[in-house]
């Protein structure tokens with residue numbers, strides 16, 4: 001692997017960027033994989049290294065921008081709906097996108113608060129590949145459990161009515177619960193999208209609606225987390241990683257776009273079960289390999 | 001969202017307190033914070049907890065938004081708009 005002057009080579013940046021964009025949206029824990037992969041490949045990159053955290057900011061920002069652009073028309077309607085509700089000082093039953101927007105705000109609060117307060121300490125405690133592999137197994141069990149325990153979701157025609165169904169079926173408390181479940185992703189191995197999709201299923205949403213709500217919920221939380229750390233990437237802590245970070249961000253943007261496009265269609269008719277199986281199997285295999293190292 | 005006007009003053013008070021807490025986080029180092037250890041106080045530390053401040057500020061804003069909706073018109077008016 002060619003190592004250039006910086007701590008992360010361009011080849012490593014390409015691999016990590018492709019992985020990040022793909023794993024961020026699939027319910028398989030991007031953070032867990034970004035901890036496990038360098039250890040599996042014997043790279044001298046550790047999750048708590050300041051330059052690596054700074055490097056990941058770029059890939060997260062790219063993923064958030066892709067999500068924002070992918071759902072841009074939805075976000076325009078959501079912002080208009082929220083503005084209308086503020087002007088009217090109430091969320092009228094016909095203001096579907098206003099209610100959806102406030103549900104997203106309520107869902108973002110617990111994950112945002114816990115992220116702001118606990119991210120550093122949790123990252124330090126759960127930095128090892130073994131713990132990430134173990135929690136990947138738990139993530140798989142959680143995804144499978146959500147599919148098994150879900151209330152039977154009514155069958156809908158896909159497409160236009162999704163926002164209305166989410167707005168009508170998701171309660172404020174339910175959205176708060178989904179937001180709290182998202183905070184699990186602060187622990188490497190747990191998936192943010194997996195937790196929020198699982199929470200949606202337990203509230204009675206269909207896979208399609210749960211996935212859509214999860215992707216909309218992802219944009220502010222990933223974007224805000226990345227923007228908060230952007231000064232580190234642009235400042236002295238970014239010295240030596242800005243080039244690879246830019247390359248990784250471009251790679252992450254490509255895989256994030258392909259992933260969200262694929263997953264939106266996939267969840268119209270399919271379930272979380274294959275991802276649950278991968279997480280359990282992958283977690284077991286990675287644990288054994290890391291133990292043998 | 002059901003309305004309870006009793007909650008409005010409580011939400012405004014909580015919002016104002018949280019924004020004051022945010023300012024304290026932003027201007028005081030961890031060693032001078034008048035909060036318990038689990039809320040960021042660290043003896044001898046000059047770290048400024050910017051992120052704790054942001055969390056408190058956003059929560060304060062959320063309280064004000066809650067108060068805004070709770071203090072809206074008593075009876076929801078029938079919307080004249082076409083459903084989306």
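Values computed for the structure shown
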read-out	value
Max mean-square fluctuation residue, GNM over chain A, Cα-Cα springs under 10 Å, options A:186, A:201, A:37	A:37
Crossing angle, helix A:50-70 versus chain A [Cα axis fit, 0-90 degrees, rounded to tens]	30
Rounded to 10°, Cα long-axis angle of helix A:129-149 versus longest principal axis of chain A	20
Ranked A:293, A:229, B:51, criterion: other C-beta atoms within 10 Å, fewest first	A:293, B:51, A:229
Ranking of A:124, A:170 by count of other Cβ atoms within 10 Å, fewest first	A:124, A:170
R0 of 45 Å, Cβ-Cβ distance residue B:5-residue B:43: FRET efficiency to nearest 0.05	0.55
Highest-MSF residue in chain A out of A:72, A:272, A:216 [GNM, Cα springs under 10 Å]	A:72
Range of Cα positions in the range A:1-122 per principal axis (Å), largest first	59, 30, 25
Kirkwood-based shape ratio for chain A, expressed as Rg/Rh from alpha carbons	0.98
Cα shape, the range A:93-149, gyration tensor, a/c 1.5 rule	oblate
With Cα atoms, 0 to 90° folded angle of helix A:273-292 axis to chain A main axis	20
Cβ-based exposure ranking for B:47, A:92, A:219, in which fewest neighbours within 10 Å come first	B:47, A:92, A:219
Computed log₁₀ I(q)/I(0) - Debye formula, equal Cα scatterers, no solvent, the range A:215-254, q 0.26, 0.30, 0.31 Å⁻¹	-0.95, -1.01, -1.02
Full-stretch length increase - residue A:120, residue A:89 - with 0.36 nm per residue and alpha-carbon distance subtracted	7.4 nm
FRET efficiency estimate (nearest 0.05) - Cβ-Cβ, residue A:291 to residue A:14, R0 30 angstrom	0.55
Full-extension gain in nm, residue B:71 to residue B:51, via 0.36 nm per residue minus C-alpha separation	4.2 nm
Sites residue A:138 and residue A:40, calculated FRET efficiency, Cβ-Cβ separation with R0 22 Å, nearest 0.05	0.70
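Only the coordinates and a few stated rules stand behind these numbers; no lab work does. If you're wondering where the values come from, they're calculated on a predicted model, not measured in any experiment. With ideal geometry, Cβ positions are generated from the backbone for all residues, glycine too; neighbour counts draw on all protein chains shown.
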